[in-house]
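Inspection log for the structure reproduced underneath, given as structure tokens.
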Amino acid sequence: MSVSEAGRLLATPAAYTDDRRLHEALALLRRQSPVHWVDVPGYTPFWAITRHADVLAIERDHALWLSAPRPVLRAAALDAELETRRARSAGLRTLVHMDDPEHHALRAVGADWFRPKAMRALQARAGELARRHVDRMAAYDGRCDFVRQVAAHYPLYVILSLLGLPESDFPRMLRLTQELFGQDDAETGRGGTPQDHTSVLEDFLAYFRDLTAERRARPTGDLASQIANARLDGAPLDDNVAASYYVLIATAGHDTTSSTIAGGLEALIRHPDQLRRLRADPGLLPSAAEEMIRWVSPVKEFMRTASADTHVGGTPIRKGESVLLSYPSANRDEQVFADPFRFDVARDPNRHLAFGSGVHYCLGAALARMEIRALFAELLPRLAEVELDGEPAWTATTFVGGLKRLPIRYTLT
Ligand code: HEM
């Protein structure tokens, strides 16, 4: 594969369905062109950043590197459509689209709900939901698609419980999240046009606008009520910003963690020595969860745009040009990780960047860690045997995703 082919893969959703080829391309870029200009039809050109040190330096300099106006990679036509909507205050406007000072103030609205102290309070509920989902596996008679029947539901239940939504609405949220992140995948998306994508957003925003009105009228002490009744500079949040806040939490808090849980189980199945080691020593669960997050890196990229002429690793970058931060690449960087392609449940140190860094550092990192540990703490002691029962399949996406099918055969005690 040539370096330019490797670069093009970063703007090719289908490339993310073939882990081996993707990592071959990323390793080539790290070695030969770590700051690489990608110009492919249908996309505004960008610089692909593949080394850990460069990703970290960019994330930490949030005065130079802005999230607006291009926080993630999308086809140019969709970007234009979303920008028009945002300008009319009708589109999604979340923390990931904003820079300080606006970002800082809005992040503070929900931040307390995601601190370790709040997570300890949620732990019992997560444990109960983990048990419920493992019990469901027991009912499937030794075979299931672990993604569709377990991993896709559990984190959604946790995050929607935190938001305070009724369980009867969970299936609808699941479908919308999958349609949103799986937009480039023929099986999960609604279709390939910008209108197909924005129709999913409209459904999301409509649901959450109603929720804002309801929680303003009757606050219930949940996270949704906190957002609905928050005030910035003395004024309530704009309806669209409040609705976008829920969309961000419901979506970011779901597909990421479910992909990590499914990819984590797949890694354990493919590395039986690591599975045995973890079963023998549950004290390794925290480092194993961290390794699963590094291994899967369910968020494939975020972008930043230079607010002034600058350099990255000696390459000049002009004001207004965008960089794509490749987390899967940073997390396999040979300069930082000893033997990066080894899945090691006891890896220490593990300085992965799967949650980003700096002011946009993942708001839900403590929640994700707690959920992953809770699920495996429940599953592993009961999982006497497990093996693949067919070929796994991945979602075609350049943004958030992972396995969409993981057929397994198992014995549960
Ligand atoms: C932001 C990864 C789970 C909520 C982010 C970012 C990444 C990320 C890479 C952007 C960081 C940056 O730009 O520097 C992950 C991974 C997860 C996960 C790998 C699971 C393994 C969650 C969960 C929630 C969540 C469970 C729950 C609500 C958010 C929010 C932001 C964010 C609200 C935006 C923060 C901001 O812009 O200030 N996440 N995430 N994430 N994540 Fe997560």
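Numbers at a glance
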quantity	calculated
Any hit, segment 41-55, residues being more than 23 Å from P316 (Cα to Cα) and touching a residue at least 24 places away in the same chain (Cβ under 8 Å)	yes
Residue check, A138 within 16 Å of the ligand (Cβ to nearest atom), assigned to a helix (DSSP H, G or I) and either without any contact (Cβ under 8 Å) to a residue 12 or more places away in the chain or of a type in the set (A, V, I, L, M, F, W, C) (or both)	no
Residues of segment 349-407 classified as of a type in the set (G, A, S) and more than 16 Å from the ligand (Cβ to nearest atom), total	5
Meets criteria (in contact with a Gly (Cβ under 6 Å, 6 or more places away or on another chain), part of a helix (DSSP H, G or I), of a type outside the set (S, T, Y) and surrounded by 15 or more Cβ atoms within 10 Å (Cβ to Cβ)) for A224	yes
Residue among S168, S161 that is small (G, A, S), within 16 Å of the ligand (Cβ to nearest atom), assigned to a helix (DSSP H, G or I) and surrounded by fewer than 22 Cβ atoms within 10 Å (Cβ to Cβ)	S161
Filtered residue count, segment 65-76, keeping only those that are touching a helix residue (DSSP H, G or I) at 6+ places or on another chain (Cβ under 8 Å) and farther than 22 Å from G401 by Cα	3
Selection count, segment 388-410, where residues are charged (D, E, K, R) and over 14 Å from D19 (Cα atoms)	3
Single match in Q274, Q335 (criterion: away from the ligand (no atom under 13 Å from the Cβ) and surrounded by fewer than 20 Cβ atoms within 10 Å (Cβ to Cβ))	Q335
Considering residues of segment 241-271 that are modelled with pLDDT under 95 and part of a loop (DSSP other than H, G, I, E, B) only, the residue farthest from the ligand (Cβ to nearest atom)	H254
Matching entry among T198, T177 (being in a helix (DSSP H, G or I), more than 16 Å from the ligand (Cβ to nearest atom) and touching a residue at least 60 places away in the same chain (Cβ under 8 Å))	T198
Residue count for segment 205-254, restricted to those that are among the β-branched types (V, I, T) and farther than 20 Å from D169 by Cα	1
Hits in segment 275-325 (condition: of a type in the set (G, A, S), outside any helix (DSSP H, G or I) and modelled with pLDDT of 95 or more)	S297, A306, S307, A308, G320, S322
Matching helices (runs of 4 or more DSSP H) fully within segment 22-133 where at least 3 residues are over 20 Å from the mean Cα position of the chain (by Cα) and away from the ligand (no atom under 13 Å from the Cβ)	76-87
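The values are calculated or read from the model by the stated rules, or taken from the named source; none is laboratory data. From a predicted model like this one, the values you see are computed outputs, not experimental measurements. Glycine gets a Cβ as well: all are built from the backbone with ideal geometry, and neighbour counts include every protein chain shown.
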